[in-house]
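The values are calculated or read from the model by the stated rules, or taken from the named source; none is laboratory data. These numbers come from a predicted model, not from an experiment. Using ideal geometry, Cβ is built from the backbone for each residue, glycine included, and neighbour counts are taken over all protein chains shown.
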Amino acid sequence: MIEIDGRILAADEMEATLAHVTSRARLRAGSGERVAARFRDTASSLAFILAARRAGATLLPIHPALPDDGARRLAARAGCHRVFLDDLDGESLDDAAPPVPGEGHLLQMSSGTTGEPKCIARPWSAVEREIESYVAAFTEPGGMTPVIACPITHSYGLICGLLVGLRRGRAPLVLDTGNPKYLLRRLRETERPLLYTSPAMLHTLARLMPEGERLHAAMTSGTLLPAPWFAAIRARVEHLFQQYGCSEAGCIAVNPDLRRADAIGYPLPHHRVQAGVSAGAPEEIVVASGSATIRTGDLGYRMPDGMLIFVSRRSDTINVSGLNVYPGEVEDVVMAMPGITDAVAFARADPFAGERVTLLFSAEAPVPPRALQDWCRRFLAGHQVPVEALQVAAIPRQANGKISRREAAERYRSGALEAVS
């Protein structure tokens, strides 16, 4: 059984729906055909995804907010042969390469935070292996009701939220993510809810909740929580979990008791994970899964008990005269300054030092750059202090709460960001 925004889909109804979708959409295993699906109705989207999974068809689920032309363009970029837009008739796409028969795959687009988004193809058998490993290693949610308040077209909500919940024998609750007050009400009505949502939504809920109220359990993923966000959320959630992963490998690690934001989790047993051995010597996190070796581009290290600690994106590290500056450390200090609401640090080329730290920030009232730098000097070494800080109305964040430093830096260099005076 699955509940979607108050509509309960019983097992027999779902079975009939999956059979209808499979037949009408002509979903077949082993054909090598790639199909994409964009349904604005969540129940229809879920039915198509589950039907494709059961049939062993290769599918790209597309976010419901994407308009028709955008969905066609994304499907073409992923090499799809057909695209389904709110119906089961489907449209043929020109110029797709001939199908290559073989195992069906789940197609996902990478986030694009570090470059052009690319299409990642994961066999459904790899998805099944991830589910089994996740359930076996992460036992704390036993008896909890998964509440998915994030897109089911993305692996986080689909695999770790919904499919894992079904494998545990729980009835998942899928909710619209647009109204945090509605989400809070449904969480209050749900027995032992485990909320899967974005860091940004968790932070919003923490601010909306009345004094003394706490969420039973929540999972965060996708971006490291800034220190002030982490403190606010940690105080409002009884059981706070965090998971870490990438498009190529799926979920890599889970932290069953989040006490520090950078402790991203214990690796799942079906992965072999390499990283640095100490905070002073972080190395790229490399994941061996099956026959594949995946370089994540993230710097981190392992604690003696095996916990994986995230330090920074390798590409985000700022090199100031040979000294590494990790943007997250700068942002945490800046956001601890009274009145600051958000911040992002990135590199700016410098003819003498190679690179210097540059900062975008938002605040409740105008903050003189000198005051901000004086605050930073209380907690940071000289090479970590931003040489230039621009106050803006809002930091550009993606829908899931992630910041693209590359995009922020490009907008800063182009002059597209308007300063707050």
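Looking at the range 207-230, which of its residues are under 20 Å from the mean Cα position of the chain (by Cα), among the small types (Gly, Ala, Ser) and at pLDDT below 95?
Result: Ser221, Gly222, Ala227.
Given the conditions (1) in contact with a Lys or Arg (Cβ under 9 Å, 6 or more places away or on another chain); (2) part of a strand (DSSP E or B); (3) within 16 Å of Met307 (Cβ to Cβ), report the number of the one that Ala288 does not fulfil.
The failed condition is (3).
Looking at Pro256, Pro267, which is the one that is under 30 Å from Leu208 (Cα atoms) and at pLDDT 95 or above?
On inspection, the qualifying residue turns out to be Pro256.
Find all pairs meeting these conditions: Cβ atoms under 6 angstrom apart; at least six residues apart or on different chains; first residue within the range 28-56 and over 20 Å from Thr177 (Cβ atoms); second residue part of a strand (DSSP E or B).
Arg34/Thr58; Val35/Leu59; Val35/Arg82; Ala36/Leu60; Ala36/Val83; Ala52/Leu59
Out of everything in the range 154-186 that is of a type in the set (Gly, Ala, Ser) and not in a loop (DSSP other than H, G, I, E, B), what residue ends up being farthest from the chain's Cα centre (by Cα)?
Gly165
Do you know which residues across the range 100-125 are out of contact with any Phe, Trp or Tyr (no Cβ under 6 Å at 6 or more places or on another chain), modelled with pLDDT of 90 or more and not hydrophobic (A, V, I, L, M, F, W, C)?
The answer is Pro101, Gly102, Glu103, His105, Gln108, Arg122, Pro123, Ser125.
Being closer than 30 Å to Val100 by Cα and modelled with pLDDT under 95 is true for just one of Gly142, Gly157. Which residue is that? Steps first, please.
Working: Gly142 fails: closer than 30 Å to Val100 by Cα.
Going through Gly142, Gly157 in turn, the sole match is Gly157.
Scan Glu91, Glu130, Glu103 and give me the residue that is crowded, with 23+ Cβ neighbours inside 10 Å, in contact with a strand residue (DSSP E or B) (Cβ under 9 Å, 6 or more places away or on another chain) and charged (D, E, K, R).
So the residue among Glu91, Glu130, Glu103 that is crowded, with 23+ Cβ neighbours inside 10 Å, in contact with a strand residue (DSSP E or B) (Cβ under 9 Å, 6 or more places away or on another chain) and charged (D, E, K, R) is Glu130.
Quick check on the range 122-144. Is at least one of its residues of a type in the set (Gly, Ala, Ser), part of a loop (DSSP other than H, G, I, E, B) and assigned by TED's automatic domain parsing to the domain that holds Gln242? Can you show your working first?
As a first pass, look at the range 122-144 and keep what is of a type in the set (Gly, Ala, Ser): 125-126, 133, 136-137, 142-143.
Then keep just the ones that are part of a loop (DSSP other than H, G, I, E, B); that gives 142-143.
Adding the requirement that they be assigned by TED's automatic domain parsing to the domain that holds Gln242 leaves 142-143.
Among the residues of the range 122-144, at least one is of a type in the set (Gly, Ala, Ser), part of a loop (DSSP other than H, G, I, E, B) and assigned by TED's automatic domain parsing to the domain that holds Gln242, which makes the answer yes.
Here is a list: Gly79, Gly70. Which entry is on the phi > 0 side of the Ramachandran plot and among the small types (Gly, Ala, Ser)?
On the way: Gly70 fails: on the phi > 0 side of the Ramachandran plot.
Within the list Gly79, Gly70, the selection yields Gly79.
Yes/no matrix, rows are residues, columns are (1) among the hydrophobic types (A, V, I, L, M, F, W, C); (2) assigned to a strand (DSSP E or B); (3) touching a residue at least 60 places away in the same chain (Cβ under 8 Å); (4) out of contact with any strand residue (DSSP E or B) (no Cβ under 9 Å at 6 or more places or on another chain):
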| site | (1), (2), (3), (4) |
| --- | --- |
| Pro210 | no, no, no, yes |
| Ala232 | yes, no, no, yes |
| Gly245 | no, yes, yes, no |
| Ala253 | yes, yes, no, no |
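Limited to the range 239-249, what total is found for residues that are modelled with pLDDT of 95 or more and within 26 Å of Pro117 (Cα to Cα)?
Number satisfying all stated conditions: 3.
Has the range 6-14 got any residue that is more than 24 Å from Arg170 (Cα to Cα) and touching a strand residue (DSSP E or B) at 6+ places or on another chain (Cβ under 9 Å)? Break it down stepwise before answering.
Narrowing the range 6-14 to residues more than 24 Å from Arg170 (Cα to Cα): none.
Looking for residues that are more than 24 Å from Arg170 (Cα to Cα) and touching a strand residue (DSSP E or B) at 6+ places or on another chain (Cβ under 9 Å), one finds none in the range 6-14, hence no.
Matching residues to (1) surrounded by fewer than 16 Cβ atoms within 10 Å (Cβ to Cβ); (2) outside the structural domain of Glu15 (by TED's automatic domain parsing); (3) not in a strand (DSSP E or B):
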position	(1), (2), (3)
Leu46	no, no, yes
Leu50	no, no, yes
Arg72	no, no, yes
Ala75	no, no, yes
Gly79	no, no, yes
Phe84	no, no, no
Asp87	yes, no, yes
Pro98	yes, no, yes
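Among all residue pairs at least 6 apart or on different chains, which show Cβ distances below 6 Å where the first residue, located in the range 363-379, is outside any loop (DSSP other than H, G, I, E, B) and the second is buried (at least 16 other Cβ atoms within 10 Å of the Cβ)?
Ala363/Ile340; Pro369/Ala389; Leu372/Ala389; Gln373/Val385; Trp375/Met337; Cys376/Val333; Cys376/Val385; Arg377/Val385
If you go through the range 198-221 one residue at a time, how many are of a type in the set (S, T, N, Q) and closer than 19 Å to Tyr182 by Cβ? Full working, then the answer.
First, the residues of the range 198-221 that are of a type in the set (S, T, N, Q): 198, 204, 220-221.
From what's left, closer than 19 Å to Tyr182 by Cβ: 198, 204.
Count: 2.
Within the group Ala371, Ala389, Ala408, Ala363, which residue is surrounded by fewer than 18 Cβ atoms within 10 Å (Cβ to Cβ) and either at negative phi or acidic (Asp, Glu) (or both)?
Result of the check over Ala371, Ala389, Ala408, Ala363: Ala371.
Out of the residues in the range 7-34 that are outside any helix (DSSP H, G or I), at pLDDT 95 or above and out of contact with any helix residue (DSSP H, G or I) (no Cβ under 7 Å at 6 or more places or on another chain), state the one that is surrounded by the fewest Cβ atoms within 10 Å (Cβ to Cβ).
As a first pass, look at the range 7-34 and keep what is outside any helix (DSSP H, G or I): 7-10, 26-34.
Filter once more, so that each one left must be at pLDDT 95 or above: 26-27, 33-34.
Add one more test, that the residue is out of contact with any helix residue (DSSP H, G or I) (no Cβ under 7 Å at 6 or more places or on another chain), and what stays is 26, 33-34.
Details: Arg26: 14, Glu33: 19, Arg34: 26.
So the residue we want is Arg26.
Restricting to the range 309-357, name every residue that is assigned by TED's automatic domain parsing to the domain that holds Glu388, touching a Pro at 6+ places or on another chain (Cβ under 6 Å), in a strand (DSSP E or B) and not small (Gly, Ala, Ser).
Val357
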